[in-house]
Amino acid sequence: MKQAVHRKANLFSSIFMMNENGKLRISKLPVEAQLSVINAVVVQDFDGDGIKDILLAGNKFDVEVETTPADGSPGLLMKGLGNMKFRCLRSGESGFFVPYNVKDMQAIQSPYGWSIIVSSNNDKLRTFGVRTSLPKTVALK
């Protein structure tokens, strides 16, 4: 055991890192983003207000017998407010509800606006269209 490699973890929260002139500043994501693992992140100005929003999804169903699934997240839209501040929108507000074993997401732009394609492990692709007509908020359908 003395010859084995030992590692120590000090932070288990989901975080984002901001590059400030070559120095990374770590900030914890809000509690709404801590419900499960995050496997997919899309950063985009979904509502056209000039401020980037963050869309998160994840979960992990394929686990060992002794480990319980990490299945508490329905996905999360964090509406950008500026100055690295965000408002977390519940699924009912955003219309974004993906309580699946999400492995990746991609934003694509079409003549009709933004769409989000969500892939889940051993499941079908799901697509959400972004509606930008709601004032001061964004809804994904």
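Each reported figure results from applying straightforward, stated rules to the coordinates on display, with no laboratory input. Remember, predicted model here, so these are calculated numbers, not experimental data. Glycine gets a Cβ as well: all are built from the backbone with ideal geometry, and neighbour counts include every protein chain shown.
Structure summary
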quantity: DSSP-loop trypsin sites (Lys or Arg not before Pro) across segment 1-85, with at most 13 other Cβ within 10 angstrom; calculated: K2, R7, K8
quantity: For segment 84-94, 3J(HN,Hα) per residue [Karplus equation, 6.51 cos²θ - 1.76 cosθ + 1.60, θ = phi - 60°, Hz, x = Gly/Pro]; calculated: 6, 9, 9, 10, 7, 9, 5, 4, x, 7, 8
quantity: Sorted by Cβ neighbour density within 10 Å, fewest at the top, the residues E66, E20; calculated: E66, E20
quantity: Nonlocal amide H pairs with W114, under 5 Å, H built at 1.01 Å; calculated: V130
quantity: Amide H contacts under 5 Å for D104, placed H, 5+ residues apart; calculated: S119
quantity: Per-residue HN-Hα couplings for segment 38-45 [Karplus 6.51, -1.76, 1.60; θ = phi - 60°; Hz; x = Gly/Pro]; calculated: 10, 10, 9, 9, 10, 10, 7, 7
quantity: Within a Gaussian network of the chain (alpha carbon springs, distance under 10 Å), most fluctuating of M17, M105, M78; calculated: M17
quantity: Identified option (computed percent of Cα pairs over 25 Å apart; candidates (i) 34; (ii) 37; (iii) 49); calculated: (i)
quantity: Loop-located chymotrypsin sites (Phe, Trp or Tyr not before Pro) in segment 54-122 whose Cβ has at most 16 other Cβ within 10 Å (DSSP); calculated: F61, F97, Y112
quantity: Ellipticity estimate at 222 nm from DSSP helix runs (n ≥ 4, -39,500 (n - 2.57)) divided over the chain, nearest 500; calculated: -500 deg cm²/dmol
